[in-house]
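Encoded as structure tokens, here's the structure I'll be asking about.
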Amino acid sequence: MLGPIIFLYLKPSAQNITGTWEGNLNVQGNQIPVVFHIAKDSANKSKASFDSPSQHAFNLPCSQVILKGDSVILMMAILNGKYAGLLNVNKKQIDGLWFQGAGSLPLTVIKTSETSGVKELKRPQTPKPPFPYQSEDVVYMNADRSIQFGATLTYPRTDSTNHSGKTNTYPAIILITGSGQQDRDETLFDHKPFAIIADYLTRHGFAVLRVDDRGIGKSTGNFEEATTADFAKDVEASLNFLENQSQVNKEKIGLIGHSEGGMIAPIVADNRKDIKYIILLAGPGIPIIDLMQQQMEAVSISEGKSLADAKASGQLMHIVWEEAVKNEDSATTIKNIRMKIREWSKTLDTATLAKIKGKDTSSINNQIAQAMAALNSKWYKYFIAFNPQPYLEKLDCKVLALNGSKDVQVIATPNLNGIKASLKKSKSPEYETIEIQGLNHLFQTCIKCSPSEYNDLEESFSPKALDIMGNWLQKNVQ
């Protein structure tokens, strides 16, 4: 449900606001970064996307951009929300409101760069041609031909036949992106981690397929209406394509999934016995509702919030979502949430309670409204109720799970412990869990280690993490 329509004085001519705009939503004392990317398309019309780095959601599309004079309205159908504001006289700041559900929050965004890029981001790891291997851009369809997928297939460049006269084949891997609509390189702030992983693995003897998500790049399909289960079916379509390639050793096919991709890989592997191994990069090992509580607490602390306030914010979030996913009608759900919050509030000290409630309980009301609005998203409703453990317990392939010790989105210790406990119950013939010191959720060597730092770091993907994957694959696959 969209928030109430606000009236803005619309001047006759629109301003050029192309560029990157960044700000922070204050949600119960938590600073939630928001980044808008506004550009022009080939018809010179404005288009926009947005990022929520602390939720590892990037390149989410704005469904409409409305520019009239100094007024800016960015519609976000994927959230059932919008951002509406006024361009400051200096043309470098927009003061406005973020609407989601029945609530709204103030949001000021500052222009941090022009689309032309006065400052070039340094991304030294991004592979550049010529490559010492074959790289082919490919397109293929899913089984019912309703969706086209665009992808890049890389494989070693050697003689086409071996000494026995047979075509050379290679173990093959499909890379699965994290949450949010992403291209085949999993491009985030101009980092291209999947291009880097594919380059490394292909140089070490693997064929690698990396794929555009639905509705981006060369892929078609409706991303906004899809769930994690639908994305798993997309991976199966990629698997069918890969198995028909002459360069692929069909007995040695595996998956590497990052973040939500680490949810998807076990789903696919449970359905398809042709998957022989999977690598989970910051994949969940505990129920998502618990993961999200821990994430909120860790992100809050990384951004400077006290431990007590961070814990309280996480507990509140858990209470709200625990009730929201029970599929009661809205009125019953809201009634139950408020009742549980009243009981929980009795356990807090006065100072913490005041920070959590905000003025006239506005913060709590906003969180409830946002939760109810988010349930209109099929993806979020599926995601927040997901428990990875039953899927991990059914695996019968080899598994490597990696997490960075400084990851504040998928906390290393509880999730790796959850994965390990589930795999103990599985039929996996070989599994290993490794916590890599000093790495964040994107597997960058970090300094502050908060999501707001992702863009600032030059490293796109840790060479140490690449070597750990490479060594494990050499031992267990090649």
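Among the residues that make up the stretch 118-125, is at least one of them touching a Leu at 6+ places or on another chain (Cβ under 7 Å) and closer than 19 Å to A39 by Cα? Spell out the reasoning first.
The first filter runs over the stretch 118-125 and keeps only residues touching a Leu at 6+ places or on another chain (Cβ under 7 Å), leaving none.
The answer is no, given that none of the residues of the stretch 118-125 is touching a Leu at 6+ places or on another chain (Cβ under 7 Å) and closer than 19 Å to A39 by Cα.
Here's a follow-up. Please identify the pairs in which a residue from the stretch 310-338 that is surrounded by 13 or more Cβ atoms within 10 Å (Cβ to Cβ) has its Cβ atom under 8 Å from the Cβ atom of a residue that is hydroxyl-bearing (S, T, Y) and assigned to a helix (DSSP H, G or I), counting only partners at least 6 apart or on another chain.
A310/S300; A312/T352; S313/S300; G314/S300; E323/T333; A324/T333
Moving on. So which residues in the stretch 49-64 are open to solvent by 10 Å² or more (accessible area, probe 1.4 Å), under 30 Å from S450 (Cα atoms) and either of a type in the set (S, T, N, Q) or modelled with pLDDT of 85 or more (or both)? Outline the logic, then answer.
First pass over the stretch 49-64, keeping only residues open to solvent by 10 Å² or more (accessible area, probe 1.4 Å): 49, 52, 55, 57, 59-64.
Filter once more, keeping what is under 30 Å from S450 (Cα atoms): 49, 52, 55, 57, 59-63.
S49, S52, Q55, N59, C62, S63 - these are the residues of the stretch 49-64 that are open to solvent by 10 Å² or more (accessible area, probe 1.4 Å), under 30 Å from S450 (Cα atoms) and either of a type in the set (S, T, N, Q) or modelled with pLDDT of 85 or more (or both).
Based on this model, can you work out whether M339 counts as among the hydrophobic types (A, V, I, L, M, F, W, C) and modelled with pLDDT under 85? Outline the logic, then answer.
Values: among the hydrophobic types (A, V, I, L, M, F, W, C): yes; modelled with pLDDT under 85: no.
Answer is no for this residue.
Within the stretch 443-456, can you find the residues that are in contact (Cβ under 8 Å) with a residue 24 or more places away in the chain and open to solvent by 10 Å² or more (accessible area, probe 1.4 Å)?
C446, K448, C449, S452, N455
What number of residues within the stretch 205-216 satisfy the criterion of being more than 17 Å from the chain's Cα centre (by Cα) and crowded, with 18+ Cβ neighbours inside 10 Å? Spell out how you get there, then give the answer.
If we filter the stretch 205-216 for residues that are more than 17 Å from the chain's Cα centre (by Cα), which is where we start, we get 205-209.
Subset that is crowded, with 18+ Cβ neighbours inside 10 Å: 206-209.
Within the stretch 205-216, residues that are more than 17 Å from the chain's Cα centre (by Cα) and crowded, with 18+ Cβ neighbours inside 10 Å number 4.
Report, by residue number, each residue of the stretch 195-225 that is within 15 Å of A237 (Cβ to Cβ) and in a strand (DSSP E or B).
L209, R210, V211
Go through the stretch 141-158 and report how many residues are open to solvent by 30 Å² or more (accessible area, probe 1.4 Å) and either of a type in the set (A, V, I, L, M) or free of Cβ contacts under 8 Å to residues at least 12 places away in the same chain (or both).
Counting residues in the stretch 141-158 that are open to solvent by 30 Å² or more (accessible area, probe 1.4 Å) and either of a type in the set (A, V, I, L, M) or free of Cβ contacts under 8 Å to residues at least 12 places away in the same chain (or both) gives 5.
Separate question: Looking at the stretch 228-279, which of its residues are more than 18 Å from A198 (Cα to Cα) and touching a His at 6+ places or on another chain (Cβ under 9 Å)?
E260 - this is the single residue of the stretch 228-279 that is more than 18 Å from A198 (Cα to Cα) and touching a His at 6+ places or on another chain (Cβ under 9 Å).
Right, here's the next one. Under 7 Å between Cβ atoms, which residue pairs at least 6 apart in sequence (or on different chains) link something in the stretch 387-412 that is of a type in the set (S, T, Y) with a partner that is open to solvent by 10 Å² or more (accessible area, probe 1.4 Å)?
Y391/I267; Y391/D270; S405/E435; S405/Q437; S405/G438
Scan the helices (runs of 4 or more DSSP H) fully inside the stretch 360-461 and keep the ones with 1 or more residues being under 18 Å from the mean Cα position of the chain (by Cα) and not polar (S, T, N, Q). I'd like the intermediate steps shown before the answer.
Working: elements: 362-374, 378-384, 389-393, 412-424.
Fully inside the stretch 360-461 and qualifying: 362-374, 378-384, 412-424.
The values are calculated or read from the model by the stated rules, or taken from the named source; none is laboratory data. As the structure is a computational prediction, the values presented were derived from the model and not from experiment. Cβ sites come from the backbone with ideal geometry, for glycine too, and all protein chains shown count toward neighbours. Areas reflect the complete protein model, heavy atoms only, side chains present, ligands, DNA and RNA absent. Shrake-Rupley method; radii C 1.70, N 1.55, O 1.52, S 1.80 Å.
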